Structures are given as C-alpha cells and as structure tokens.
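The values are calculated or read from the model by the stated rules, or taken from the named source; none is laboratory data. Quick caveat: nothing in here was measured; it's all calculated off a predicted structure. Glycine gets a Cβ as well: all are built from the backbone with ideal geometry, and neighbour counts include every protein chain shown.
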Amino acid sequence: MEIAIKSGHPRLLDVMTSSELHLSFVSDCTKIVQLLAPAPNLTSIFLPRCHLTYEQLGSIISSLRDKRLEALHVKLDTTSPGRIIPGLPNLKFLALQYGLEGITYQKASISSTEFVLPFIRPSLRTVRNLLLVFPQPGEGIDTASLGVDGPLPNLRILRLESDRMIAGIPLLPSLFPNLEKLTLLMDGSNPPTYKPDYIPSFAQLTKLTSLSTNLELDASAQDPPLGHGRSLAFFARSLNRRIAPTHELVAQCKALRHVYWYITDDMGGICHHFGVVDTGTPVREREERKVVIGWNWWMADGFKRMRSDPLPEGIVNLDPEMNAKCWSYYGP
C-alpha cells in the first residue's frame, strides 16, 4: 500500500484527492485509513463492511483527530477486547453498528450503554443524520439517552435499531424538533404494541415526512408473525391491520408522506409501505391527502391463491426502481 502511494498509482492518487473513502470487506483497514488520513480533501469515511475491533477503531479515530471530518460509518466487533473510545466532534453524518449481525450471540466486552454515548456525544450537537444499529440481544440505547446535552435541533434523520425496548416516544418532539425522517425498530423479538396515544407525539414533529416502525399490531390480535414463515395469507392480514392506524397517523401528522411498518417473523420479515398523495387543491388539503398502499412482491397476481383473501383497494407502485428488479413484478 505504501509503495503504491509513493509510486503514484493513478487509482490511489484519485483517492488522495477525493473527498470520500469507501472500503468493503477489508480484513484490516486501519493502515489504509491512516495512510490516507492526510489527504487534504477527505471529509467522509465509510467502512460499513469492515469488522473493526475496538483497537482498530481507536487507531482510526486517533489518526483522524486533526481532520475536519463530516461523515463516518463504522461497524464494531464487540467481542474483541473492549475500551471506551471518545468520538470525533462536528460530524454531520454518523453511523455506528455496535456488534455483528448473523453470528451466534456473544456478550459484548463493553456494554452498549457504556461505549456508545462517549463515542457519539462529541457530535450530537452538529449531527444531521444519525444511524445506530444494535444487532445483538440485549444491546441498545433509548431515545432519551440522546438528549443528554439537551435538544438536538440539527438532527434531520434518525435511525435507531435496538434489541432493547426504546423508551421515550413522548420525548421525541422536545429532543428532535426538526426531525424529517424517523426509524425506530425496537426489541425485535418482542416489540411494543402500537397505541393511538403515540400519535400526538409523532404529530408534534411538524417536519416529519417519513416514519418507519415495528410497533406491534399482530400478537395483540392473536395473530403473531412467528410460526407463519413466508405465509402470504399472514402478510395480507397484517397489511389490512395497519390500514386504519396509518390513516390515523396521516390525519394528524400533516407533513407525513411515507409510513413503513416492519414485521419480523421466523423467516426474516416483511415491510408494509404506505404513501400519501395529494389529489386536490391546497384549499382542501385535509380532505385531499389520500393514503395509498405500496405494491410488494407478494401482491403479484401469481400469488393470489396463496394469499387467500383479496387485497385492499388503493395499491400503487410507490417504488418503481426497486420493483423493476423484482422477478414477480406484475403490479401497478
């Protein structure tokens, strides 16, 4: 690597003058980052597929202390020998995956509550896009922890995936007054039940255009997802169950344009996508905001018999680019 840089390899010279560094599936990207850290234009480093140990992450952060970095995406192997690592200040984009997905559970050497706050705290006042993912059982933080230094008026996008219960939905408006996109995926094996009482909290986020949640509506209806596997009949029932709550959310959340309901089952899961379209004039905005259902692969005509019940009205193609790649796309 050092020889390649000294010899002026064209691709590396491009990296040295670039503002972004993306690395994937590198066993030890520490040395690469350290060598490229002096690059004058480097403001963004994305390492979403590099499984960093605490030692490697600490070395990377140390090499970047003098940089005016704006974006950082890292994934941490929490089974490695642990230590607290103070994070970088003034980041605008920060993504941290605390633990590796798809592996047998191994307890983290340092709990997420000990490590995460010191790592993200230096940038909480500046960050606009914050992604925190905790794939291992029992790990995570709740939304209230992010308000340790008060409200975060600069935060526009928050994605929090935690295996623990996320408290503090009523605190969302006071903590994140300018939030535009919110994803809360909570305690995947036993998510909290949806309550109409949550709607006023979401409605106070007056700039919120996209809401993604795994709030539960199936087990409380005696129809839990576990055990259904890839049952398309269950997909249809769970979709119908979310139509009324989506209308309730859209009626009170005036900026809302997209609602995503995530469901985890024993074979992976499904996401029901609802959209909002304006069909009238601004004078009659309240009456003309129409909720539509996003087409998904299991809605194709070829699966009609497996679904058992007919699909609801109002299904449209909300994601043409993604659906165009779907082998079974025969939808709207």
Test: residue 42 is within 19 Å of residue 102 (Cβ to Cβ), free of Cβ contacts under 8 Å to residues at least 40 places away in the same chain and either in the same structural domain as residue 122 (by TED's automatic domain parsing) or not in a loop (DSSP other than H, G, I, E, B) (or both): no
Scope the range 99-136; condition among the polar types (S, T, N, Q) and modelled with pLDDT of 85 or more; matching residues: 111, 112, 113, 123, 126, 129
Selected residue (criterion: farthest from residue 253 (Cα to Cα)) from residues of the range 275-332 that are surrounded by 13 or more Cβ atoms within 10 Å (Cβ to Cβ), modelled with pLDDT under 90 and among the aliphatic types (A, V, I, L, M): 306
Those residues of the range 157-179 which are surrounded by fewer than 18 Cβ atoms within 10 Å (Cβ to Cβ) and part of a loop (DSSP other than H, G, I, E, B), in sequence order: 164, 165, 167, 168, 177, 178
Matching residues in the range 110-156 - criterion: being small (Gly, Ala, Ser), assigned to a loop (DSSP other than H, G, I, E, B) and within 26 Å of residue 207 (Cβ to Cβ): 140, 150
Scope the range 263-274; condition at pLDDT 95 or above and touching a His at 6+ places or on another chain (Cβ under 8 Å); matching residues: 273, 274
Top-ranked residue in the range 44-100 [being charged (D, E, K, R) and surrounded by fewer than 17 Cβ atoms within 10 Å (Cβ to Cβ); ranked as nearest to residue 154 (Cα to Cα)]: 68
Selected residue (criterion: farthest from the chain's Cα centre (by Cα)) from residues of the range 55-83 that are assigned to a loop (DSSP other than H, G, I, E, B) and of a type in the set (A, V, I, L, M): 64
Residue that is modelled with the lowest pLDDT [pool: residues in the range 231-262 that are within 19 Å of the chain's Cα centre (by Cα) and not β-branched (Val, Ile, Thr)]: 262
Members of the range 95-119 found to be under 27 Å from residue 208 (Cα atoms) and within 16 Å of the chain's Cα centre (by Cα), listed by number: 95, 96, 97, 98
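Table: residues versus (1) touching a Phe, Trp or Tyr at 6+ places or on another chain (Cβ under 7 Å); (2) outside any loop (DSSP other than H, G, I, E, B).
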| site | (1), (2) |
| --- | --- |
| 190 | no, no |
| 199 | no, yes |
| 202 | no, yes |
| 208 | yes, no |
| 212 | yes, yes |
